[in-house]
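A.B. asks: Have a look at this one before I ask anything.
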Amino acid sequence: MTAQTFAVPARAATSTRVTIGRVIVYGFAAIVGLCLLFAPFLFPDVRAQEVAARICVFIVLVASYDLLIGYTGIVSFAHTMFFGLGAYGTAIALKTMGRGFDAILVGGSLGVLAAFVLAVLIGLLSLRVKAIFFAMVTLAAASVMLVLASQLSNFTGGEDGITYEIPRFFSPANRLEDANGDQVRLFGVPVTGRLYLYYFVFLSSLALFYLMVRIVRSPLGTVLQAIRENEMRAEAIGYRVVAYRTSVFCIAAVVAALAGVLRAVWLRYTGPDVTLSFDIMIDVLLMVVIGGMGTMVGAIVGVVIMTLAQFYLKDLMGAGAQATADLPLIPELLNPDRWLLWLGILFILLVYFFPSGIAGTLLGKGGRK
């Protein structure tokens, strides 16, 4: 028997595994999408809605970072800087101009414009250098932005951040009433401005995510992947690598800034700890790695797993500690104060069993060459 005789069944088995993996990954993404779509009705408590809104915003933020690191091979530590610029622009405008949609439009536009200008400057000045040096430049830029946000307290509120009011249309006090003056309910949930606000965040996030999916499936996305795989070859066949890398860096920065606008409107608070913190940058990087770089759908997987772990792992461990209270050692291991230990173990296991990320491994994407 020849080698080809064995190769055909092997290819068929691999194809079957990839098909099953695609069904699992895209089925999971569809379930997440439906849960987010009906989140106000499925999970009406305030904490669950905060988790759902955070997932929506971070899917956009993580997908925009995947556009850089996964599809183009650009390692940047300044992504939260762009996220923060969108959030701070919106927050400062709402604080100074009042709680109108015009303030969101003006402040958000200025924040996005600032993110775009900085991305162009960083891209043109730094993308010609090697990856490690570019990463250090972005790290320095993010550090400068964090210091400025902390020290320019007259504008940014310093370490305390900024609290502000959002348009009355999004206020919980904005209730929809019927002809008799009674509160209108939809599937048992009162129709208020809070519901409008959630769907503003959800639909905006959906549109931004769809835009990025279209980008990676366009000819531009193909060129970006070619640059990632072999930059010199892409340059040799006529592609202006620096121009393409700068363009995608600007696109990712603008999308991250728009995600910051959504985060600012939802939270009604903007500060360094919720927008510019390096902890957020680490979370974004972990979400990309867990989900799978260069998949886009991996952003959904990574964000959902990390967010649920951050919000509910302590509760789950507390319940486990109570259930095993009569056993030796186990209650101490399940102490909620040790949740970061178990989160780290979970991350190590995921990386070990899914070396290309969960979505990347299930979709049959090998390691980066």
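Taken together, the values in this text are just the output of simple stated rules run on the coordinates, not laboratory data. If you're wondering where the values come from, they're calculated on a predicted model, not measured in any experiment. All Cβ positions, glycine included, derive from the backbone under ideal geometry; neighbour counts span all protein chains shown.
A.B. asks: For the chain, what does the helix formula give at 222 nm: sum of -39500 (n - 2.57) over DSSP H segments with n ≥ 4, over the residue count, nearest 500 deg cm²/dmol?
C.D. replies: -24000 deg cm²/dmol
A.B. asks: Here is a further query. If you count, for each residue, the other Cβ atoms within 10 Å and average over each peptide, how do 256-268, 333-345 line up from highest to lowest?
C.D. replies: Top of the packing list down: 256-268, 333-345.
A.B. asks: Just to check I understand the Karplus step: with θ = phi - 60° and J = 6.51 cos²θ - 1.76 cosθ + 1.60, what whole-Hz values come out for the range 155-160, glycine and proline as x?
C.D. replies: 9, 9, x, x, 5, 6
A.B. asks: Would you work out which of LEU195, LEU349, ALA39 lies farthest towards the positive end of the dipole of the chain? Charges go on Cβ: Lys and Arg +1, Asp and Glu -1.
C.D. replies: So the residue furthest toward the plus end is LEU349.
A.B. asks: Over the range 163-307, what is the mean sequence separation of C-alpha contacts under 8 Å (at least six apart), divided by residue count, expressed as relative contact order in percent?
C.D. replies: 18
A.B. asks: Would you pull out the residues with amide H under 5 Å of ILE162's amide H, same chain only if 5 or more places away, H placed 1.01 Å from N?
C.D. replies: Placed amide hydrogens put THR270, GLY271 under 5 Å from ILE162.
A.B. asks: Hey, can you rank 160-173, 279-292 by average C-beta count inside 10 Å, highest first?
C.D. replies: Answer by packing, highest mean first, reads 279-292, 160-173.
A.B. asks: Figure the gain on full extension for ALA48 and THR19 (residue separation times 0.36 nm, minus the Cα-Cα span) and round it to one decimal in nm.
C.D. replies: 7.1 nm
A.B. asks: A further question on this structure: Hey, in the GNM for the chain with a 10 angstrom Cα cutoff, which one of TYR71, TYR88, TYR196 fluctuates hardest?
C.D. replies: TYR196
A.B. asks: Just want to confirm a number: the relative contact order over the chain, from Cα pairs under 8 angstrom separated by 6+ residues, in percent.
C.D. replies: Computed value for the chain: 28 percent relative contact order.
A.B. asks: To continue, here is another question. For the peptides 49-57, 224-232, what is the packing order when you average, over each peptide's residues, the other Cβ atoms within 10 Å and list the highest mean first?
C.D. replies: Averaged packing, sorted descending, gives the order 49-57, 224-232.
A.B. asks: Now for a separate question. What's the magnitude of the charge dipole for the range 28-362 around its Cα centre, counting Lys and Arg as +1 and Asp and Glu as -1 at the beta-carbon? Answer in Debye, nearest 20.
C.D. replies: 880
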